[in-house]
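Quick notes on the structure that follows.
The values are calculated or read from the model by the stated rules, or taken from the named source; none is laboratory data. What you see is a predicted model, and the numbers here were worked out from it, not measured in a lab. Note that we place each Cβ from the backbone using ideal geometry, even for glycine, and neighbour counts take in every protein chain shown. SASA here: full protein model, heavy atoms, side chains in, ligands and nucleic acids out. Shrake-Rupley method; radii C 1.70, N 1.55, O 1.52, S 1.80 Å.
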Amino acid sequence: VRSAQPQTDLDTTTSANGTIIAAAPGTNAAQVGARDASGKRVLIPRPGLEGYSIPGFSLVNQDGDPVDESVLEGEITVVAFVFTNCQLACPAITANMKIVYSQLEDTPVRFLSISVDPEHDTPEVLRAYADRMSIDTSRWPFLTGEDGEATRVVEESMQFEISDDPDDANIITLDDGSTMRNIRHPIKLFLVGPDRQILDFCAPTLRAERERFTVA
């Protein structure tokens, strides 16, 4: 996020936890707040997102190294929840996240993907996936961990749901011939501030929304 612009033409939407004000397309919804102790201006959440934040967590990255919530602290990070066997939303989420990644290449903004399928997404699988996607994991790591940890992060941060998809039409056939159910999860990109507050979120496949994260 190079710099935030004033919010205009805001609409309201209803979330599980109350009312969230939705930003107009093409505007950077995370506002510029007061200067911090170092004299730098800081981003503050768009109205309705106050109090939402990423909780503490204990995961591992694509190299098997332990990673906790401190990976988000002191940084502005674009976060997504995906799984590598996904055949519906995830390929588009990652492809469009790569667009944001490229557009913010000359900025200190970081990126993070957290798997919602720890059963299949081992560190080795995530490393192969990142390599296949030509992603620099020093700036954009992939995390996995114990069963239920990603679910807890999603539910505690924004009250979104992670659950098995009951639709048999969406059953996924894996490379070894076995099957798994599709996983329902947030199909958003989350803009997370240096104090782990959620500043904004967008639908990555919608260019007007995605550009909220890159607007000058």
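If only residues of region 193-216 that are farther than 16 Å from Val154 by Cβ and aliphatic (A, V, I, L, M) are counted, the one that is most open to solvent (accessible area, probe 1.4 Å) is Leu206. Residues of region 119-152 that are open to solvent by less than 20 Å² (accessible area, probe 1.4 Å) and either modelled with pLDDT under 95 or among the acidic types (Asp, Glu) (or both): Asp121, Ala150. In region 198-216, how many residues are of a type in the set (D, E, K, R) and without any contact (Cβ under 8 Å) to a residue 24 or more places away in the chain? Of the residues in that region, 1 qualify. If you go through region 181-192 one residue at a time, how many are buried (at least 16 other Cβ atoms within 10 Å of the Cβ) and either farther than 15 Å from Val82 by Cα or free of Cβ contacts under 8 Å to residues at least 24 places away in the same chain (or both)? Qualifying residue count, region 181-192: 3.
I'd like to check something: does region 79-101 contain any residue that is open to solvent by less than 10 Å² (accessible area, probe 1.4 Å), part of a strand (DSSP E or B) and of a type in the set (Ser, Thr, Tyr)? The answer is no; no qualifying residue exists. When region 17-54 is limited to residues that are closer than 30 Å to His120 by Cβ and either open to solvent by 60 Å² or more (accessible area, probe 1.4 Å) or not in a strand (DSSP E or B) (or both), the one that is modelled with the highest pLDDT turns out to be Ile54. Residues in region 141-177 that are part of a loop (DSSP other than H, G, I, E, B) and either in contact (Cβ under 8 Å) with a residue 60 or more places away in the chain or under 20 Å from Thr94 (Cβ atoms) (or both): 9 in all. Looking across Phe57, Phe111, one residue alone is surrounded by 15 or more Cβ atoms within 10 Å (Cβ to Cβ), more than 17 Å from Thr214 (Cβ to Cβ), in contact with a helix residue (DSSP H, G or I) (Cβ under 8 Å, 6 or more places away or on another chain) and of a type outside the set (Ser, Thr, Tyr). It is Phe57. Go through region 61-78 residue by residue and tally those that are touching a helix residue (DSSP H, G or I) at 6+ places or on another chain (Cβ under 8 Å) and more than 21 Å from Ile93 (Cα to Cα). Of the residues in region 61-78, 2 are touching a helix residue (DSSP H, G or I) at 6+ places or on another chain (Cβ under 8 Å) and more than 21 Å from Ile93 (Cα to Cα).
Would you mind stating whether Asp195 is touching a residue at least 40 places away in the same chain (Cβ under 8 Å), assigned to a loop (DSSP other than H, G, I, E, B) and within 24 Å of Ile44 (Cβ to Cβ)? Against the criterion (touching a residue at least 40 places away in the same chain (Cβ under 8 Å), assigned to a loop (DSSP other than H, G, I, E, B) and within 24 Å of Ile44 (Cβ to Cβ)), Asp195 qualifies. Within region 112-127, does at least one residue satisfy the condition of being under 23 Å from Gly64 (Cα atoms), of a type in the set (Val, Ile, Thr) and touching a His at 6+ places or on another chain (Cβ under 6 Å)? Yes, there is a match, as at least one residue in region 112-127 is under 23 Å from Gly64 (Cα atoms), of a type in the set (Val, Ile, Thr) and touching a His at 6+ places or on another chain (Cβ under 6 Å).
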